[in-house]
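Student: Please find one structure pasted underneath; my questions will follow.
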Amino acid sequence: MAEPRAVAAEPTSGRLTHQQILLILSGLLLGMFLAALDQTIVSAAMRTIADRLNGQTNQAWATTAYLVTSTVSTPLYGKLSDMYGRKKFYLFAISIFLVGSMLSGMANSMEQLAAFRAVQGLGAGGLMALAFAIIGDILPPRDRAKYQGYFMAVFGISSVAGPVLGGLLAGQDHLLGFDGWRWVFYVNLPIGIVALAVVSRFLNVPHVRTEHKVDYLGAATLVLGITSLLLVAEQGRTWGWGSGKSVTYYVLGAVLLIAFVLIERRVGDEAILPLKMFRSPVFNVASLMNFILGMGMFGGIICLPLYMQIVKGFSPTESGLSLLPMMVGIMSVSMTSGILTSRTGRYKIFPIIGTAILIVALLGLSRISAETSYLQLAPLMLLLGAGLGACMQTLVLATQNSVPASQMGVATASAAFFRSMGGTFGTAIFLTIFFSGAARHVGSNVRAAEQTPDFQAALRDPANGVIARALRALSGGSTSQLNDTSFLNHGAQVLRDPFLTGFAQSMDRVFLVAAFVVLPAFLLSFFLKEVKLRQESGLEAQAAERAAAAAAVAGNPAAQVDERTAEQLGAGADARSR
């Protein structure tokens, strides 16, 4: 295979001034804010959206479609940005995200919303991954804590503004001629236009373009393989987990993923996910932990907004704001761990502590009931956020530090890919567990309550007609009433209790399973090798690598020494161990 050919020359030092870094960060922060705001604003409004589109039990499709496309596009963004530069792909990601947002606001069914959220996810796959890749380019690992406050401010503002906006917009019947919930997506448009302008003006990161072949066949098999497995994860309870249709998708997904590995092996350095990165023990352990934590994180917290709105009766705005303890935990611990890592150069302890805290928090949440007060929930959500904050950025940092600087983009994208892939599977699986359990528990509770005089009297009261019809259908085994839970806003408390208790019982199982899912990550954290963090930014390390390569070509007698030094600057654990 021919060596990559440089087609453009750039400054070789890779050193940026503080002012240059702040200007670049201004563009990155706007893109990150766009992605972070969308996650919180949609989750706060999803129950209202699902009710309006009569698709409560199908809402997993809207979430899963977004996660699938954002997941499978992430490695492609990383690889292409390594080859051709970050800026053009970051602008492309923002543009596609805005197109998907506009289409999502026009959806008239849950199926349409899922399709348009898939388009939105294609853009979202590049927003976070490329932002952290660029941060890796311009900041040495030990210096990133100096700028951590900016990142935490973005997530903090989005965690507050998202639920408030989501609740206010979803709660409006009409706003400027459109249904209120549609503005949950339309609000991205003005923010995204500003982000496009700022990124276009200020995001100027030095880059040396290299010519490679794009691994389209590998990308196609990865997309189709993951999608096949997600389809059966989402629809398995309807098809039957052992049905012929399910088995077909199991086999198809497995065959396509095996084909993906074989293709990546054949194309070598051109691979969308280069297999040589898996030679690093740090990369392997961090990637597996990202996958497991993605499952536990998305699977565990996906039900919290539903619990707040359906069981506790919170409005969408109140539901979003109720999650603030979790956001406080994420921000405070993430910032603290970043500062300590910058001062000491040590990071292994944080995933160990973080996964342990996560397990404790999820086990605590598995004991909640319909009567659990918010004051009892808040400390558990704070712990949940603290556990996530100790793990998320630490694992990205370890991954970036374990590969050559020239692979910064694909390595960062890989970390996001494995976490997002775990989250995609976790969302599909845990929502399936939740809704199948809710239908079973609610039906059982209604049948038991029907034997009591108070319940029978309430059923006969004409004022309770809406909820009475829904409960009779549920007691007969129908799950269609779960598509629109707005009937809970009507009727006597004695009629609502079986439904609320059934929902809480189903959520208990979700959190319990999530705790057991995170347990392997806790065990793996002890095997995460702690490698000394680089003092050079990605740009500086790449400049050293290019200088060494140029010296070798020129026949410089010291080239071998320089090349080895440059490799050590970029290769992390493996280069240093050799």
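The values are calculated or read from the model by the stated rules, or taken from the named source; none is laboratory data. On a predicted model such as this, the values are computed, not experimentally measured, just so you know. Positions of Cβ are generated from backbone atoms using ideal geometry, with glycine treated the same way; all protein chains shown enter the neighbour counts.
Student: Do we have any residue at all in segment 399-419 that's within 22 Å of L293 (Cα to Cα), of a type in the set (K, R) and crowded, with 24+ Cβ neighbours inside 10 Å?
Tutor: yes
Student: Out of the residues in segment 79-88 that are assigned to a helix (DSSP H, G or I) and not small (G, A, S), state the one that is nearest to the chain's Cα centre (by Cα). Walk me through it before giving the result.
Tutor: Filtering segment 79-88 for residues assigned to a helix (DSSP H, G or I) gives 79-84, 87-88.
Adding the requirement that they be not small (G, A, S) leaves 79-80, 82-84, 87-88.
Details: K79: 19, L80: 21, D82: 22, M83: 25, Y84: 25, K87: 22, K88: 23 Å.
The selected residue is K79.
Student: For F278, are the conditions met, namely being of a type in the set (F, W, Y), surrounded by fewer than 19 Cβ atoms within 10 Å (Cβ to Cβ) and within 30 Å of L222 (Cα to Cα)?
Tutor: Values: of a type in the set (F, W, Y): yes; surrounded by fewer than 19 Cβ atoms within 10 Å (Cβ to Cβ): yes; within 30 Å of L222 (Cα to Cα): yes.
Spelling it out, F278 is indeed of a type in the set (F, W, Y), surrounded by fewer than 19 Cβ atoms within 10 Å (Cβ to Cβ) and within 30 Å of L222 (Cα to Cα).
Student: So, one more: Do we find that V553 is more than 36 Å from the chain's Cα centre (by Cα) and modelled with pLDDT of 80 or more in this structure? I'd like the intermediate steps shown before the answer.
Tutor: Numbers: more than 36 Å from the chain's Cα centre (by Cα): yes; modelled with pLDDT of 80 or more: no.
In short, no.
Student: Do we have G345 as buried (at least 17 other Cβ atoms within 10 Å of the Cβ) and either closer than 21 Å to A514 by Cα or not acidic (D, E) (or both) here? Before the answer, list the steps.
Tutor: Working: buried (at least 17 other Cβ atoms within 10 Å of the Cβ): no; either closer than 21 Å to A514 by Cα or not acidic (D, E) (or both): yes.
Taking the combined requirement at face value, the residue does not satisfy it.
Student: In segment 74-108, what residues are at pLDDT below 85 and of a type in the set (S, T, N, Q)?
Tutor: T74, S81
Student: Pairs please, first residue from segment 241-256 and modelled with pLDDT of 85 or more, second anywhere and outside any helix (DSSP H, G or I), Cβ atoms under 8 Å, 6+ apart in sequence or on different chains.
Tutor: Partner pairs satisfying both residue conditions: S246/G240.
Student: Given the options D461, D454, name the one that is more than 30 Å from the chain's Cα centre (by Cα) and modelled with pLDDT of 85 or more. Talk me through it step by step, then tell me what you get.
Tutor: Working: D461 fails: modelled with pLDDT of 85 or more.
Sole residue among the options that is more than 30 Å from the chain's Cα centre (by Cα) and modelled with pLDDT of 85 or more: D454.
Student: Name the residues in segment 115-156 that are within 30 Å of W61 (Cβ to Cβ) and either among the polar types (S, T, N, Q) or at pLDDT below 75 (or both), would you?
Tutor: Residues satisfying the conditions are Q120, F155.
Student: Output the residues belonging to segment 298-328 that are buried (at least 24 other Cβ atoms within 10 Å of the Cβ), more than 19 Å from A161 (Cβ to Cβ) and at pLDDT below 75.
Tutor: Passing the criteria: F298, G299, G300.
Student: On the basis of being at positive phi and in contact (Cβ under 8 Å) with a residue 24 or more places away in the chain, does G345 make the cut?
Tutor: Values: at positive phi: yes; in contact (Cβ under 8 Å) with a residue 24 or more places away in the chain: yes.
In short, yes.
Student: OK, next. Suppose we filter segment 103-130 for residues that are assigned to a helix (DSSP H, G or I), among the hydrophobic types (A, V, I, L, M, F, W, C) and within 18 Å of I41 (Cα to Cα); how many remain? Give the steps one after another, and end with the answer.
Tutor: Pass one, segment 103-130, residues assigned to a helix (DSSP H, G or I): 103-104, 110-130.
Now narrow it down to the ones that are among the hydrophobic types (A, V, I, L, M, F, W, C): 103, 110, 113-116, 118-119, 122, 124, 127-130.
If we keep only those that are within 18 Å of I41 (Cα to Cα) too, we end up with 103, 110, 113-114, 116, 118-119, 124, 127-128.
The number of residues fulfilling the criteria is 10.
Student: Checking the conditions here, which among S373, S337, S366 is of a type in the set (S, T, Y) and touching a Leu at 6+ places or on another chain (Cβ under 8 Å)? Explain how you work it out, then say what you get.
Tutor: Numbers: S373 fails: touching a Leu at 6+ places or on another chain (Cβ under 8 Å); S337 fails: touching a Leu at 6+ places or on another chain (Cβ under 8 Å).
Going through S373, S337, S366 in turn, the sole match is S366.
Student: Looking at segment 105-132 only, could you name the residues that are touching a Leu at 6+ places or on another chain (Cβ under 6 Å) and buried (at least 24 other Cβ atoms within 10 Å of the Cβ)?
Tutor: Across segment 105-132, the qualifying residue is only A131.
Conditions tested, residue by residue: (1) surrounded by 24 or more Cβ atoms within 10 Å (Cβ to Cβ); (2) aliphatic (A, V, I, L, M); (3) part of a helix (DSSP H, G or I).
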{"site": "M32", "(1), (2), (3)": "no, yes, yes"}
{"site": "A36", "(1), (2), (3)": "no, yes, yes"}
{"site": "I41", "(1), (2), (3)": "yes, yes, yes"}
{"site": "A62", "(1), (2), (3)": "yes, yes, yes"}
{"site": "T74", "(1), (2), (3)": "yes, no, yes"}
{"site": "Y77", "(1), (2), (3)": "yes, no, yes"}
{"site": "Y90", "(1), (2), (3)": "yes, no, yes"}
{"site": "S101", "(1), (2), (3)": "yes, no, yes"}
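Student: Condition first: touching a residue at least 60 places away in the same chain (Cβ under 8 Å) and either farther than 13 Å from P351 by Cβ or within 14 Å of the chain's Cα centre (by Cα) (or both). Now tell me which residues in segment 274-286 satisfy that. Let's see the steps before the verdict.
Tutor: Residues of segment 274-286 that are touching a residue at least 60 places away in the same chain (Cβ under 8 Å), as a first pass: 274, 277, 279-283, 285-286.
Matches in segment 274-286: P274, M277, R279, S280, P281, F283.
Student: Okay, next question. Sort through T336, T355, T341 and tell me the only one that's out of contact with any His (no Cβ under 9 Å at 6 or more places or on another chain), more than 15 Å from G387 (Cα to Cα) and β-branched (V, I, T).
Tutor: After ruling out the rest, the residue left standing is T341.
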